[in-house]
Amino acid sequence: MCTSCGTVVYLDPKLAVALVIERGGRFLLGRRGEGTREAGKWGFPAGYVDRGEVVEAAAVREAREEVGLEVVLGPLLGLLSTEGESVVLAVFAAEIAEGEPVAGDDLIELGWFTPDALPPLAFAHDQHILTAWHDWRGAGALHSTMR
């Protein structure tokens, strides 16, 4: 941790999770608040896996913390990594089990967006997340397979 600004820097890979929550052809995205990377832009609910935490449990926890939802996890859509980036992202499909979306944690607003009307996305990997989801759906997966 930087002693002057408090920024945490991971020298080894750090695992994070992201969730694709889709309803009626729209994706749930959150607008990032001030003090976050890419503030004001939109992204999928996501966050870091804590030391010793089961990856799937982290995904469920992040859904609760970031968007106020209890979810049922679907399949792992992929692991995303970029050369030079310390974060590896595990992307899961998820279905709402309970609750209505409410912005929490570092998000200031939530919205449902169609693939052809997306707001400014926060990270380059967000487009890769959409591609992974479309590839999975294109393979014949149905929401009923997520239960």
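The values are calculated or read from the model by the stated rules, or taken from the named source; none is laboratory data. Bear in mind the structure is a predicted one, so any value in this text is a computation, not a measurement. Reconstructed Cβ throughout: ideal geometry from the backbone, glycine too, with neighbour counts over all protein chains shown.
Hey, can you tell me all the residues within the range 1-39 that are among the charged types (D, E, K, R), loosely packed, with under 14 Cβ neighbours inside 10 Å and farther than 18 Å from Asp106 by Cβ?
Scanning the range 1-39 gives Asp12, Arg23.
For Gly140, work out the one condition from (1) modelled with pLDDT of 90 or more; (2) surrounded by fewer than 15 Cβ atoms within 10 Å (Cβ to Cβ); (3) of a type outside the set (S, T, N, Q) it doesn't fulfil.
Against the list (1) modelled with pLDDT of 90 or more; (2) surrounded by fewer than 15 Cβ atoms within 10 Å (Cβ to Cβ); (3) of a type outside the set (S, T, N, Q), Gly140 comes up short only on (1).
Take the conditions of a type in the set (Gly, Ala, Ser) and either touching a residue at least 60 places away in the same chain (Cβ under 8 Å) or within 21 Å of Ala132 (Cβ to Cβ) (or both) and apply them to Gly104. Does it pass?
No: the conditions fail for Gly104.
Quick one: in the range 94-123, which of the residues that are among the small types (Gly, Ala, Ser) and in a loop (DSSP other than H, G, I, E, B) is surrounded by the fewest Cβ atoms within 10 Å (Cβ to Cβ)?
Among those residues, the one meeting the criterion is Ala117.
Determine if the range 70-93 includes at least one residue that is exposed (fewer than 13 other Cβ atoms within 10 Å of the Cβ), closer than 15 Å to Ala46 by Cα and within 13 Å of the chain's Cα centre (by Cα).
Checked the range 70-93: at least one residue is exposed (fewer than 13 other Cβ atoms within 10 Å of the Cβ), closer than 15 Å to Ala46 by Cα and within 13 Å of the chain's Cα centre (by Cα).
Mind listing whichever residues of the range 40-68 are surrounded by 23 or more Cβ atoms within 10 Å (Cβ to Cβ) and part of a loop (DSSP other than H, G, I, E, B)?
Within the range 40-68, Phe44, Pro45 qualify.
Any residue at all in the range 11-20 that is in a helix (DSSP H, G or I) and under 20 Å from His128 (Cβ atoms)?
No, every residue in the range 11-20 fails to be in a helix (DSSP H, G or I) and under 20 Å from His128 (Cβ atoms).
Scan (1) assigned to a helix (DSSP H, G or I); (2) aromatic (Phe, Trp, Tyr); (3) modelled with pLDDT of 95 or more for the single condition Trp133 breaks and write down its number.
The one condition Trp133 does not meet is (3).
So, in the range 96-130, of the ones that are of a type in the set (Gly, Ala, Ser) and farther than 13 Å from Arg32 by Cα, which residue ends up modelled with the lowest pLDDT?
My answer is Ala124.
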